[in-house]
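Q: My structure is below; once you've seen it, I'll send some questions.
The values are calculated or read from the model by the stated rules, or taken from the named source; none is laboratory data. Because the structure is predicted, anything quoted here is derived from the model rather than measured. We place every Cβ from the backbone using ideal geometry, glycine too, and count neighbours over all the protein chains shown.
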Amino acid sequence: MIDGATYVIDCGRSSTTQFARAGLRFDGLRSIFITHLHADHIADYYNYFLLAGSIPNQETRDALANPVSVFGPGPAGGLPEKFGGGQAPTVSAEDPTPGLAAFTEKCHDAFAYSSNVFLRDTGIRDIRTLVDVHEIAVPDVGASYTMTSPRMDPFPVMEDDHVAVTAVLVPHGPVFPSFAFRFDTAHGSVTFSGDTSYSDNLIALARGSDVLVHEAINVQGPNVSLPPAAMDHMLQSHVEVQKVGAIARAAGVRTLVLSHLSDFDEEPLDPVRWRKWIEPEFDGEIVIGDDLQRIPIPSSL
Ligand SMILES: [Zn+2]
Ligand SMILES: [Zn+2]
């Protein structure tokens, strides 16, 4: 949130519910940024328009006020080979890699009956007018679904009166595109890694940020039972918690916030144990992320 305007990064399951629980208002929602099109990042995306578009939220008594600008991936352009060999079935073979614009249109189509009935019965606003999709154009650095994250400089995504947003491609297994975003404001800067394995692009994007929100996994411990191939696959998509402190140090950030956490050794994860893995590498503030936290950026304290 920046001076009363709210920006959402990714919309996984229950995102709209947690948005309201966090005390945020739908009439303050300015823009949504989608890092990549894995379901755990977009499962609740359409709910922002479906549920918050016309019927006031019961607690906050508000609904979306203006069209929400959305920024996210275009089509991948192709699918990877099946991991480990062999053939995988293809869903929607005529359009197997829709980007965010087609994803939104297909949601409009799928919910057409509900929308059309409500438009006639209760006079809701046309849901198509509530969302303004911008597929992020990736600079010409030779990136593709077979070369997902070549070395690149941060590039501009969007700028308004509160914030300038830049991005880089990050390596997230076979996913293309997968973005990290940086938000520069008058009060400070925050970088979100999205889902990524180790990335020099991310370190360059995050350089000097007040806050770096980074994903992490733990695959060490007596209860970890991933077969070697699955382990290798996991490490091509994510960063081990034991290595994330060095990334924060290399980027020179003040505060490291861990989000999108998985511990393959124990659930729920032990934040004291996680913190001990990071402290030897990073002497800034460390926050092991939890639901509904509020993290002020330093210069706004
Ligand atoms: Zn992902
Ligand atoms: Zn994810």
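Q: Please find, within region 183-206, the residue that is nearest to ligand 2 (Cβ to nearest atom) out of those that are in contact (Cβ under 8 Å) with a residue 40 or more places away in the chain and among the acidic types (Asp, Glu).
A: 195
Residues are listed down the side, and each one gets a yes or a no for (1) farther than 16 Å from residue 177 by Cβ; (2) away from ligand 1 (no atom under 16 Å from the Cβ); (3) out of contact with any helix residue (DSSP H, G or I) (no Cβ under 6 Å at 6 or more places or on another chain); (4) without any contact (Cβ under 8 Å) to a residue 12 or more places away in the chain:
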{"site": "1", "(1), (2), (3), (4)": "yes, yes, yes, no"}
{"site": "14", "(1), (2), (3), (4)": "yes, yes, yes, no"}
{"site": "64", "(1), (2), (3), (4)": "yes, yes, no, no"}
{"site": "71", "(1), (2), (3), (4)": "no, yes, yes, no"}
{"site": "79", "(1), (2), (3), (4)": "no, no, yes, no"}
{"site": "111", "(1), (2), (3), (4)": "yes, yes, yes, no"}
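Q: Here is a further query. Please go through region 226-245 and pick out each residue that is over 14 Å from residue 193 (Cβ atoms) and in contact (Cβ under 8 Å) with a residue 12 or more places away in the chain.
A: Start the filter on region 226-245 by keeping residues that are over 14 Å from residue 193 (Cβ atoms), which leaves 226-236, 242.
Within region 226-245, 226, 229, 231, 233, 234, 235, 236, 242 qualify.
Q: In region 51-91, how many residues are under 21 Å from residue 5 (Cα atoms) and either within 16 Å of ligand 2 (Cβ to nearest atom) or not in a loop (DSSP other than H, G, I, E, B) (or both)?
A: Qualifying residue count, region 51-91: 5.
Q: Do we have any residue at all in region 25-39 that's assigned to a loop (DSSP other than H, G, I, E, B), in contact with a His (Cβ under 9 Å, 6 or more places away or on another chain), within 16 Å of ligand 1 (Cβ to nearest atom) and β-branched (Val, Ile, Thr)? Even if it seems obvious, please write down each step before you answer.
A: Of the residues in region 25-39, the ones assigned to a loop (DSSP other than H, G, I, E, B) are 25, 34-38.
Next, from what is left, pick out any that are in contact with a His (Cβ under 9 Å, 6 or more places away or on another chain): 34-36, 38.
From what's left, within 16 Å of ligand 1 (Cβ to nearest atom): 34-36, 38.
In the following step, the residues that additionally are β-branched (Val, Ile, Thr) were identified as 34-35.
Within region 25-39, one or more residues are assigned to a loop (DSSP other than H, G, I, E, B), in contact with a His (Cβ under 9 Å, 6 or more places away or on another chain), within 16 Å of ligand 1 (Cβ to nearest atom) and β-branched (Val, Ile, Thr).
Q: In region 68-89, what count of residues is obtained for those that are within 21 Å of the chain's Cα centre (by Cα) and either at pLDDT below 95 or β-branched (Val, Ile, Thr) (or both)?
A: Qualifying residue count for the region: 2.
Q: Could you figure out which of (1) away from ligand 2 (no atom under 16 Å from the Cβ); (2) farther than 22 Å from residue 162 by Cα; (3) out of contact with any strand residue (DSSP E or B) (no Cβ under 6 Å at 6 or more places or on another chain) isn't true of residue 3?
A: Condition not satisfied by residue 3: (2).
Q: Which one of these is away from ligand 2 (no atom under 11 Å from the Cβ), modelled with pLDDT under 95, among the aromatic types (Phe, Trp, Tyr) and not assigned by TED's automatic domain parsing to the domain that holds residue 290: 26, 33? Spell out how you get there, then give the answer.
A: Working: 33 fails: modelled with pLDDT under 95.
26 is the lone residue from the list that is away from ligand 2 (no atom under 11 Å from the Cβ), modelled with pLDDT under 95, among the aromatic types (Phe, Trp, Tyr) and not assigned by TED's automatic domain parsing to the domain that holds residue 290.
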